[in-house]
Structure formats: C-alpha cells, structure tokens
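What follows is one structure encoded as structure tokens, with my remarks underneath.
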Amino acid sequence: MSKKLLWRTTSSGPEQTERLGEALGPRLRGGECLELISDLGGGKTTFVRGLARGVGSPDTVSSPSFTLSNEYRGGSVLLYHFDFYRLNEPGIMRQELKELVTDTEAVTVVEWADIVEDVLPPDTVTITMSATGETSREIACAYPETRAYLFEGLA
Ligand code: ADP
Ligand code: MG
C-alpha cells in the first residue's frame, strides 16, 4: 500500500461539487481509478457529472442503477462510472472492473466500492464527501504521489 497524500476542499452547493469534477476532468490522463465515498445524497454522482463535462464528454450522467455501470464517451478519456449500491454479489461486474482498471485509456469512477475493494488498484484516488449541512460538504481526496498531477495547483 503506497502512502497517500491529502487534498481537501469544501463545497457549498451541487454546482461547486460539479465544478470540482470539471476541474479534475482535464487533468485525467487515462488509467486513473477514483473511488467515491459518501452517504446517499453526498454528491458522488453530482461530482461525476462535472467530471464527464471536464473530460469533454457530451453524454448524460445518471446513477448507474440497473446496469451498474455507465460509459461516457467522446471526451479526452473514456469514463466508466460504476455504482455498487446495495449490491451483495457484484458477479461479472467485479471482473469487468478488474479489467478496466488496467486499461490505460480508461478512467474508472466507482460509487459504493466496498464490495469490490479488492480489485481497486493500489494507486486508487479516494474522494470522501461528508455532509456538514444541508448543502455543505467537506471533500477529502487521498491520493498516492503518482497521482499528484491531479491536485497540484488545483484552486
Ligand atoms: P450520491 O451519488 O452521493 O448519492 P447525488 O450526487 O446523486 O449523491 O445527489 C446529491 C444531492 O445533494 C443532489 O440532490 C444535490 O442537489 C444535493 N446537494 C446539496 N448540496 C450539495 C453539494 N454541496 N454537493 C453535491 N450535492 C449537493
Ligand atoms: Mg450516486
């Protein structure tokens, strides 16, 4: 397990959480895995909406409820959005995720990853969102040195 660095910020509304995703999008090079942690309604999917815009994908971001995963194409990198909410048996999706995280062209973003934690790579960036009020969130990004380019100089 590599040592993780920490970058923190706050959000005062959904637009701001989206803007964080939008700011990170152009920094993605492909091959990154982002794990999103929060309670229900914390802003994970909202963040992914900004991320998709940030990589330049015109695709619509929604919760991958039935299919467990969405793809957002047409941007600088291919964005894969997984959501394992309340899933007891990830089945084939575990394997799919395991293969995708080694794809250097793709970026994988995972909500509720607990059940597939074992297939997330050691250089996974963990983004934790904590509600501190109705619309306020504390956002903490834990990342290894190899992913420092994502946060360096980020306002
Ligand atoms: P999750 O995917 O974590 O369950 P969503 O992004 O689907 O969360 O929903 C977040 C909800 O919380 C939205 O209804 C959004 O408008 C609201 N919200 C309020 N404040 C914020 C904030 N600062 N950041 C993100 N979402 C917020
Ligand atoms: Mg969600």
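Number of residues in segment 102-141 that are within 16 Å of ligand 1 (Cβ to nearest atom) and over 15 Å from Leu28 (Cβ atoms): the value is 18. Residues in segment 115-146 that are small (Gly, Ala, Ser) and free of Cβ contacts under 8 Å to residues at least 40 places away in the same chain: Gly133 alone. Before we move on, is Val116 aliphatic (A, V, I, L, M), modelled with pLDDT of 95 or more and closer than 20 Å to Ala23 by Cβ? In short, no. The residue that is surrounded by the most Cβ atoms within 10 Å (Cβ to Cβ), among those in segment 29-58 that are away from ligand 2 (no atom under 16 Å from the Cβ) and under 14 Å from Tyr72 (Cα atoms), is Val55. Before we move on, is Pro64 in a loop (DSSP other than H, G, I, E, B) and within 15 Å of ligand 2 (Cβ to nearest atom)? So Pro64 passes the test. Filtered by the rule that a residue be within 16 Å of ligand 1 (Cβ to nearest atom) and either in contact with a His (Cβ under 7 Å, 6 or more places away or on another chain) or part of a loop (DSSP other than H, G, I, E, B) (or both), segment 74-101 gives Phe84, Tyr85, Arg86, Leu87.
Filtering segment 102-117 to residues that are within 16 Å of ligand 2 (Cβ to nearest atom) and assigned to a helix (DSSP H, G or I) leaves Asp114, Ile115, Val116.
Report, ordered by the first and then the second residue, all pairs with beta carbons closer than 8 Å, sequence separation of six or more or different chains, a first member in segment 33-46 that is part of a loop (DSSP other than H, G, I, E, B), and a second member that is at pLDDT 95 or above and near ligand 1 (Cβ under 6 Å from one of its atoms). Qualifying pairs under 8 Å: Ser38/Lys44; Ser38/Arg137; Gly42/Arg137; Gly43/Ser11; Gly43/Pro14; Gly43/Thr17; Gly43/Arg137.
Of all the residues that make up segment 1-48, how many are over 26 Å from Pro122 (Cβ atoms) and under 10 Å from the mean Cα position of the chain (by Cα)? Total satisfying the criteria: 0. Of the residues Glu18, Glu71, the single one that is closer than 19 Å to Leu154 by Cα and either touching a strand residue (DSSP E or B) at 6+ places or on another chain (Cβ under 7 Å) or surrounded by 13 or more Cβ atoms within 10 Å (Cβ to Cβ) (or both) is Glu18.
The values are calculated or read from the model by the stated rules, or taken from the named source; none is laboratory data. Remember, predicted model here, so these are calculated numbers, not experimental data. Cβ coordinates were reconstructed from backbone atoms using ideal geometry, including for glycine residues, and neighbour counts include every protein chain displayed.
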